[in-house]
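Everything on this sheet refers to the single structure shown next.
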Amino acid sequence: MKMSKLRASVIALFGMAALLAPQAQAETQAWPQRPVKFLVPFGPGAGVDIGARLLADRLTARWGKAVVIENRPGADGLVAIQAFLAANDDHTLLASPSGSFTVHPFQYEKLPYTPADLVPLARISNTILGVGVPESMKISTLAEFVTRARAEPGKFNAAVVPGITEFTFDYFVKTAGLNLQKVPYRDIVQAATDVGEGRLQIYMASYAILQPQAQAGRIKTLAVNGRQRAPILPDIPTAIEAGFPSLEVEGLVGLFGPRSMPNELREKIGADVKAVAADPEIAAKLASTAQVVNPGGPAEFAAAVEEQRAKIANIAQALGIKPKQQ
(Lines give C-alpha, C1' and ligand atoms only; values in the text may rest on other atoms or scores of the structure.)
Protein backbone atom coordinates (compact mmCIF):
# COMPACT_ATOMS: atom_id res chain seq x y z
CA MET A 1 0.00 0.00 0.00
CA LYS A 2 2.78 2.37 0.99
CA MET A 3 4.66 1.49 -2.19
CA SER A 4 1.59 2.30 -4.27
CA LYS A 5 1.27 5.70 -2.60
CA LEU A 6 4.99 6.39 -3.19
CA ARG A 7 4.67 5.41 -6.85
CA ALA A 8 1.65 7.65 -7.21
CA SER A 9 3.53 10.55 -5.64
CA VAL A 10 6.48 10.11 -8.00
CA ILE A 11 4.16 9.94 -11.00
CA ALA A 12 2.38 13.06 -9.78
CA LEU A 13 5.69 14.92 -9.44
CA PHE A 14 6.82 13.97 -12.93
CA GLY A 15 3.41 14.90 -14.25
CA MET A 16 3.66 18.33 -12.62
CA ALA A 17 7.15 18.82 -14.06
CA ALA A 18 5.84 17.92 -17.50
CA LEU A 19 3.09 20.51 -17.11
CA LEU A 20 5.46 23.23 -15.85
CA ALA A 21 8.16 22.69 -18.51
CA PRO A 22 6.14 24.17 -21.42
CA GLN A 23 5.08 27.06 -19.17
CA ALA A 24 8.73 27.85 -18.28
CA GLN A 25 9.71 27.61 -21.93
CA ALA A 26 6.92 29.98 -22.94
CA GLU A 27 7.97 32.49 -20.27
CA THR A 28 11.56 32.34 -21.49
CA GLN A 29 10.51 32.91 -25.08
CA ALA A 30 8.43 35.91 -24.02
CA TRP A 31 11.26 37.47 -22.00
CA PRO A 32 11.83 40.41 -21.69
CA GLN A 33 8.40 41.80 -20.95
CA ARG A 34 9.78 45.23 -19.96
CA PRO A 35 13.08 47.17 -20.07
CA VAL A 36 16.18 45.33 -18.85
CA LYS A 37 18.62 47.04 -16.51
CA PHE A 38 22.38 46.43 -16.33
CA LEU A 39 23.91 47.51 -13.02
CA VAL A 40 27.60 48.46 -13.42
CA PRO A 41 29.88 48.74 -10.32
CA PHE A 42 31.91 51.57 -11.91
CA GLY A 43 31.25 55.10 -13.05
CA PRO A 44 30.53 56.16 -16.65
CA GLY A 45 33.49 55.83 -18.99
CA ALA A 46 35.11 52.80 -17.33
CA GLY A 47 35.96 49.94 -19.67
CA VAL A 48 33.20 47.73 -18.26
CA ASP A 49 30.71 50.58 -18.60
CA ILE A 50 31.65 51.12 -22.25
CA GLY A 51 31.34 47.41 -23.00
CA ALA A 52 27.95 47.20 -21.27
CA ARG A 53 26.65 50.12 -23.32
CA LEU A 54 27.84 48.60 -26.58
CA LEU A 55 26.04 45.37 -25.76
CA ALA A 56 22.95 47.25 -24.57
CA ASP A 57 22.51 48.90 -27.97
CA ARG A 58 22.62 45.57 -29.81
CA LEU A 59 20.51 43.71 -27.26
CA THR A 60 17.84 46.43 -27.34
CA ALA A 61 17.39 45.74 -31.03
CA ARG A 62 17.45 41.97 -30.52
CA TRP A 63 15.06 41.86 -27.56
CA GLY A 64 12.68 44.60 -28.65
CA LYS A 65 12.90 46.21 -25.20
CA ALA A 66 15.21 48.93 -23.96
CA VAL A 67 18.39 47.86 -22.15
CA VAL A 68 19.47 50.63 -19.80
CA ILE A 69 22.72 51.09 -17.88
CA GLU A 70 22.71 52.15 -14.24
CA ASN A 71 26.10 53.01 -12.72
CA ARG A 72 26.46 52.04 -9.06
CA PRO A 73 30.13 52.54 -8.10
CA GLY A 74 31.48 52.25 -4.58
CA ALA A 75 32.55 49.96 -1.73
CA ASP A 76 34.56 47.50 -3.86
CA GLY A 77 31.47 46.61 -5.91
CA LEU A 78 29.21 46.04 -2.89
CA VAL A 79 26.96 49.00 -3.75
CA ALA A 80 26.07 47.50 -7.13
CA ILE A 81 25.72 43.99 -5.73
CA GLN A 82 23.34 45.11 -2.98
CA ALA A 83 21.22 47.01 -5.51
CA PHE A 84 21.15 43.92 -7.72
CA LEU A 85 20.07 41.67 -4.85
CA ALA A 86 17.46 44.16 -3.64
CA ALA A 87 15.86 44.18 -7.10
CA ASN A 88 15.41 40.38 -7.03
CA ASP A 89 14.22 40.58 -10.61
CA ASP A 90 15.18 38.69 -13.76
CA HIS A 91 15.09 42.01 -15.65
CA THR A 92 17.88 43.48 -13.49
CA LEU A 93 21.33 42.05 -14.24
CA LEU A 94 24.82 42.78 -12.95
CA ALA A 95 27.45 43.70 -15.56
CA SER A 96 30.76 43.33 -13.80
CA PRO A 97 34.26 41.89 -13.69
CA SER A 98 34.14 38.73 -11.59
CA GLY A 99 37.35 39.91 -9.93
CA SER A 100 35.39 42.72 -8.29
CA PHE A 101 33.73 40.24 -5.94
CA THR A 102 35.51 36.86 -6.03
CA VAL A 103 37.98 38.39 -3.57
CA HIS A 104 35.27 39.58 -1.16
CA PRO A 105 35.22 36.45 1.06
CA PHE A 106 38.93 36.97 1.69
CA GLN A 107 38.58 40.71 2.28
CA TYR A 108 35.55 40.90 4.57
CA GLU A 109 34.54 38.72 7.49
CA LYS A 110 30.84 39.37 6.89
CA LEU A 111 29.20 39.96 3.52
CA PRO A 112 25.63 40.96 2.66
CA TYR A 113 25.43 38.16 0.10
CA THR A 114 26.75 34.70 -0.72
CA PRO A 115 28.60 33.74 -3.94
CA ALA A 116 25.61 31.62 -4.99
CA ASP A 117 23.51 34.81 -5.20
CA LEU A 118 25.42 35.87 -8.34
CA VAL A 119 24.73 33.42 -11.16
CA PRO A 120 26.98 33.67 -14.27
CA LEU A 121 24.91 34.20 -17.42
CA ALA A 122 27.33 35.28 -20.12
CA ARG A 123 31.02 36.06 -20.41
CA ILE A 124 31.54 39.23 -22.44
CA SER A 125 35.23 40.09 -22.50
CA ASN A 126 38.61 39.95 -20.84
CA THR A 127 40.14 43.16 -19.55
CA ILE A 128 43.79 43.47 -20.51
CA LEU A 129 45.90 43.97 -17.40
CA GLY A 130 49.48 45.16 -17.61
CA VAL A 131 52.60 45.77 -15.54
CA GLY A 132 54.27 49.10 -16.20
CA VAL A 133 57.48 50.85 -15.11
CA PRO A 134 58.89 54.31 -15.89
CA GLU A 135 60.61 54.51 -19.28
CA SER A 136 63.31 56.48 -17.47
CA MET A 137 64.39 53.29 -15.64
CA LYS A 138 65.58 51.89 -19.00
CA ILE A 139 64.28 48.42 -18.10
CA SER A 140 63.22 46.13 -20.95
CA THR A 141 61.92 43.02 -19.20
CA LEU A 142 60.19 41.97 -16.02
CA ALA A 143 63.22 39.86 -15.12
CA GLU A 144 65.42 42.98 -15.27
CA PHE A 145 63.06 44.78 -12.90
CA VAL A 146 63.12 41.86 -10.43
CA THR A 147 66.92 41.79 -10.51
CA ARG A 148 67.14 45.53 -9.76
CA ALA A 149 64.48 45.41 -7.07
CA ARG A 150 66.27 42.55 -5.31
CA ALA A 151 69.51 44.52 -5.42
CA GLU A 152 67.82 47.56 -3.81
CA PRO A 153 65.34 46.16 -1.27
CA GLY A 154 62.81 48.63 0.08
CA LYS A 155 63.79 51.40 -2.34
CA PHE A 156 61.18 50.82 -5.06
CA ASN A 157 57.59 52.10 -4.75
CA ALA A 158 54.63 50.19 -6.14
CA ALA A 159 50.93 50.81 -6.77
CA VAL A 160 48.22 48.38 -7.78
CA VAL A 161 44.49 48.37 -8.52
CA PRO A 162 42.55 46.89 -5.57
CA GLY A 163 40.83 43.51 -5.75
CA ILE A 164 42.05 40.49 -7.63
CA THR A 165 44.80 42.57 -9.27
CA GLU A 166 46.25 43.45 -5.87
CA PHE A 167 46.01 39.86 -4.64
CA THR A 168 47.90 38.68 -7.72
CA PHE A 169 50.56 41.39 -7.49
CA ASP A 170 51.18 40.71 -3.78
CA TYR A 171 51.62 37.02 -4.60
CA PHE A 172 54.17 37.93 -7.28
CA VAL A 173 56.08 40.10 -4.78
CA LYS A 174 56.19 37.24 -2.29
CA THR A 175 57.20 34.50 -4.73
CA ALA A 176 59.82 36.73 -6.40
CA GLY A 177 61.32 37.62 -3.02
CA LEU A 178 60.88 41.37 -3.42
CA ASN A 179 60.67 44.14 -0.84
CA LEU A 180 58.56 46.93 -2.36
CA GLN A 181 56.89 49.91 -0.68
CA LYS A 182 53.22 49.92 -1.66
CA VAL A 183 51.76 53.43 -2.04
CA PRO A 184 48.01 53.77 -1.30
CA TYR A 185 45.83 55.89 -3.62
CA ARG A 186 42.34 57.23 -3.16
CA ASP A 187 42.04 57.27 -6.96
CA ILE A 188 44.31 54.55 -8.30
CA VAL A 189 44.06 55.94 -11.84
CA GLN A 190 46.29 58.84 -10.73
CA ALA A 191 49.14 56.40 -10.13
CA ALA A 192 49.79 56.19 -13.88
CA THR A 193 51.01 59.81 -13.88
CA ASP A 194 53.36 59.10 -10.98
CA VAL A 195 54.83 56.10 -12.83
CA GLY A 196 55.35 58.21 -15.92
CA GLU A 197 57.17 60.82 -13.83
CA GLY A 198 59.29 58.24 -12.00
CA ARG A 199 57.79 58.59 -8.52
CA LEU A 200 56.55 55.00 -8.71
CA GLN A 201 58.77 52.22 -10.00
CA ILE A 202 56.10 49.62 -10.83
CA TYR A 203 52.34 49.65 -11.36
CA MET A 204 49.84 46.89 -12.17
CA ALA A 205 46.47 47.97 -13.58
CA SER A 206 44.23 47.61 -16.59
CA TYR A 207 46.10 48.60 -19.72
CA ALA A 208 43.42 51.22 -20.36
CA ILE A 209 44.87 53.14 -17.38
CA LEU A 210 48.47 52.65 -18.51
CA GLN A 211 47.76 53.39 -22.16
CA PRO A 212 47.92 57.22 -22.27
CA GLN A 213 51.29 57.35 -20.49
CA ALA A 214 52.57 54.37 -22.49
CA GLN A 215 51.62 56.00 -25.79
CA ALA A 216 53.31 59.22 -24.64
CA GLY A 217 56.54 57.28 -24.12
CA ARG A 218 56.63 57.70 -20.36
CA ILE A 219 55.64 54.16 -19.28
CA LYS A 220 57.17 50.90 -20.44
CA THR A 221 54.72 47.98 -20.32
CA LEU A 222 56.76 44.91 -19.39
CA ALA A 223 54.03 42.24 -19.51
CA VAL A 224 50.33 41.61 -19.84
CA ASN A 225 48.68 39.35 -17.32
CA GLY A 226 46.40 37.15 -19.41
CA ARG A 227 47.21 33.67 -20.69
CA GLN A 228 47.66 34.91 -24.23
CA ARG A 229 49.20 38.02 -25.73
CA ALA A 230 46.76 40.85 -26.24
CA PRO A 231 45.86 41.33 -29.92
CA ILE A 232 46.37 45.10 -29.61
CA LEU A 233 49.78 44.56 -27.94
CA PRO A 234 51.33 41.69 -29.91
CA ASP A 235 54.91 42.59 -28.98
CA ILE A 236 54.38 42.56 -25.21
CA PRO A 237 54.90 39.13 -23.59
CA THR A 238 52.54 37.56 -21.11
CA ALA A 239 53.69 37.29 -17.51
CA ILE A 240 54.04 33.55 -18.08
CA GLU A 241 56.30 34.14 -21.09
CA ALA A 242 58.27 36.64 -19.02
CA GLY A 243 58.98 33.90 -16.49
CA PHE A 244 56.58 34.95 -13.71
CA PRO A 245 53.44 32.78 -13.85
CA SER A 246 52.38 34.09 -10.42
CA LEU A 247 51.32 37.30 -12.20
CA GLU A 248 48.88 35.54 -14.53
CA VAL A 249 45.28 36.64 -14.00
CA GLU A 250 42.24 36.71 -16.27
CA GLY A 251 40.20 39.93 -16.24
CA LEU A 252 36.82 38.23 -16.69
CA VAL A 253 33.86 40.50 -17.44
CA GLY A 254 30.30 39.33 -17.88
CA LEU A 255 26.63 39.35 -16.90
CA PHE A 256 25.23 37.87 -13.71
CA GLY A 257 21.62 37.13 -12.83
CA PRO A 258 19.67 36.11 -9.72
CA ARG A 259 19.75 32.47 -8.66
CA SER A 260 15.96 32.27 -9.06
CA MET A 261 16.38 32.70 -12.83
CA PRO A 262 15.34 29.55 -14.79
CA ASN A 263 18.05 27.66 -16.65
CA GLU A 264 16.24 28.19 -19.95
CA LEU A 265 16.44 31.95 -19.52
CA ARG A 266 20.11 31.81 -18.52
CA GLU A 267 20.86 29.91 -21.72
CA LYS A 268 18.83 32.36 -23.80
CA ILE A 269 20.65 35.40 -22.43
CA GLY A 270 24.01 33.69 -22.86
CA ALA A 271 23.23 32.79 -26.47
CA ASP A 272 21.99 36.30 -27.27
CA VAL A 273 25.10 37.92 -25.77
CA LYS A 274 27.35 35.59 -27.78
CA ALA A 275 25.42 36.44 -30.94
CA VAL A 276 25.67 40.23 -30.58
CA ALA A 277 29.27 40.10 -29.33
CA ALA A 278 30.25 38.52 -32.65
CA ASP A 279 29.80 41.95 -34.27
CA PRO A 280 33.31 43.05 -35.42
CA GLU A 281 32.47 46.65 -34.50
CA ILE A 282 32.10 45.64 -30.84
CA ALA A 283 35.48 43.89 -30.91
CA ALA A 284 37.12 46.99 -32.40
CA LYS A 285 35.56 49.39 -29.89
CA LEU A 286 36.39 47.18 -26.92
CA ALA A 287 39.97 46.85 -28.16
CA SER A 288 40.28 50.64 -27.98
CA THR A 289 39.46 50.38 -24.26
CA ALA A 290 41.97 47.54 -23.74
CA GLN A 291 39.42 44.74 -23.69
CA VAL A 292 39.28 41.56 -25.74
CA VAL A 293 35.94 40.10 -26.77
CA ASN A 294 35.66 36.61 -25.28
CA PRO A 295 31.97 35.63 -25.32
CA GLY A 296 30.77 32.51 -23.53
CA GLY A 297 27.56 31.00 -22.24
CA PRO A 298 26.55 30.29 -18.62
CA ALA A 299 28.53 27.05 -18.26
CA GLU A 300 31.73 28.50 -19.77
CA PHE A 301 31.53 31.65 -17.68
CA ALA A 302 30.72 29.75 -14.48
CA ALA A 303 33.70 27.44 -14.99
CA ALA A 304 36.03 30.42 -15.54
CA VAL A 305 34.73 32.18 -12.41
CA GLU A 306 35.17 29.04 -10.29
CA GLU A 307 38.73 28.64 -11.59
CA GLN A 308 39.39 32.25 -10.61
CA ARG A 309 37.92 31.68 -7.13
CA ALA A 310 40.14 28.65 -6.59
CA LYS A 311 43.23 30.62 -7.61
CA ILE A 312 42.34 33.47 -5.25
CA ALA A 313 41.83 31.00 -2.40
CA ASN A 314 45.32 29.59 -2.99
CA ILE A 315 46.82 33.07 -3.07
CA ALA A 316 45.00 34.11 0.10
CA GLN A 317 46.29 31.03 1.88
CA ALA A 318 49.85 31.59 0.66
CA LEU A 319 49.78 35.23 1.78
CA GLY A 320 48.03 34.50 5.06
CA ILE A 321 45.28 37.02 4.29
CA LYS A 322 42.70 37.44 7.05
CA PRO A 323 39.28 38.95 6.28
CA LYS A 324 38.66 42.25 8.02
CA GLN A 325 35.55 43.27 9.90
CA GLN A 326 33.42 45.90 8.21
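The values are calculated or read from the model by the stated rules, or taken from the named source; none is laboratory data. Keep in mind the model is a prediction, meaning the values are calculated, not measured. Methodologically, a virtual Cβ is constructed for each residue, glycine included, from the backbone with ideal geometry; neighbour enumeration extends over all protein chains shown.
Across segment 174-202, what is the total count of residues that are under 11 Å from Ala159 (Cα atoms) and assigned to a helix (DSSP H, G or I)? Here the count works out to 7.
I'd like to know if segment 69-80 contains one or more residues that are assigned by TED's automatic domain parsing to the domain that holds Pro295, within 12 Å of the chain's Cα centre (by Cα) and within 30 Å of Val195 (Cα to Cα). Within segment 69-80, one or more residues are assigned by TED's automatic domain parsing to the domain that holds Pro295, within 12 Å of the chain's Cα centre (by Cα) and within 30 Å of Val195 (Cα to Cα). Among residues of segment 263-291 that are at positive phi and in the same structural domain as Gln228 (by TED's automatic domain parsing), none has a Cβ under 9 angstrom from a residue that is assigned to a helix (DSSP H, G or I) and buried (at least 17 other Cβ atoms within 10 Å of the Cβ) at a sequence gap of 6+ or on a separate chain.
Restricted to segment 284-299, and to residues there that are in a helix (DSSP H, G or I) and touching a helix residue (DSSP H, G or I) at 6+ places or on another chain (Cβ under 8 Å), the residue that is farthest from Ile164 (Cα to Cα) is Lys285. Among the candidates Glu264, Glu306, Glu241, Glu250, the residue that is surrounded by 13 or more Cβ atoms within 10 Å (Cβ to Cβ) and either modelled with pLDDT under 90 or of a type in the set (Val, Ile, Thr) (or both) is uniquely Glu250. Of all residues in segment 191-222, those being polar (S, T, N, Q), in contact with a strand residue (DSSP E or B) (Cβ under 9 Å, 6 or more places away or on another chain) and surrounded by fewer than 18 Cβ atoms within 10 Å (Cβ to Cβ) number 0. If I filter segment 112-123 for residues that are surrounded by 15 or more Cβ atoms within 10 Å (Cβ to Cβ), assigned to a loop (DSSP other than H, G, I, E, B), in the same structural domain as Ala299 (by TED's automatic domain parsing) and of a type in the set (A, V, I, L, M, F, W, C), do I get at least one hit? Yes. Among the residues examined, Gly99 qualifies as in contact with a Leu (Cβ under 9 Å, 6 or more places away or on another chain), part of a helix (DSSP H, G or I) and closer than 23 Å to Gly45 by Cα.
The residue that is nearest to the chain's Cα centre (by Cα), among those in segment 93-113 that are polar (S, T, N, Q) and closer than 22 Å to Asn126 by Cα, is Ser98. Among the residues examined, Phe84 does not qualify as closer than 16 Å to Ile164 by Cβ, in a helix (DSSP H, G or I), touching a residue at least 24 places away in the same chain (Cβ under 8 Å) and more than 14 Å from the chain's Cα centre (by Cα). Restricting segment 138-152 to residues that are more than 29 Å from the chain's Cα centre (by Cα) and surrounded by 14 or more Cβ atoms within 10 Å (Cβ to Cβ) leaves a set whose member that is farthest from Ala176 (Cα to Cα) is Ile139.
Name the single residue, out of those in segment 210-267 being of a type in the set (Gly, Ala, Ser) and in a strand (DSSP E or B), that is nearest to Val103 (Cα to Cα).
Restricting to residues being of a type in the set (Gly, Ala, Ser) and in a strand (DSSP E or B), the top hit is Gly251.
Yes/no per residue for (1) touching a Pro at 6+ places or on another chain (Cβ under 7 Å); (2) among the hydrophobic types (A, V, I, L, M, F, W, C):
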site	(1), (2)
Leu39	no, yes
Gly43	yes, no
Gly47	no, no
Asp57	no, no
Ala61	no, yes
Val79	yes, yes
Ala83	no, yes
Leu93	no, yes
Phe145	no, yes
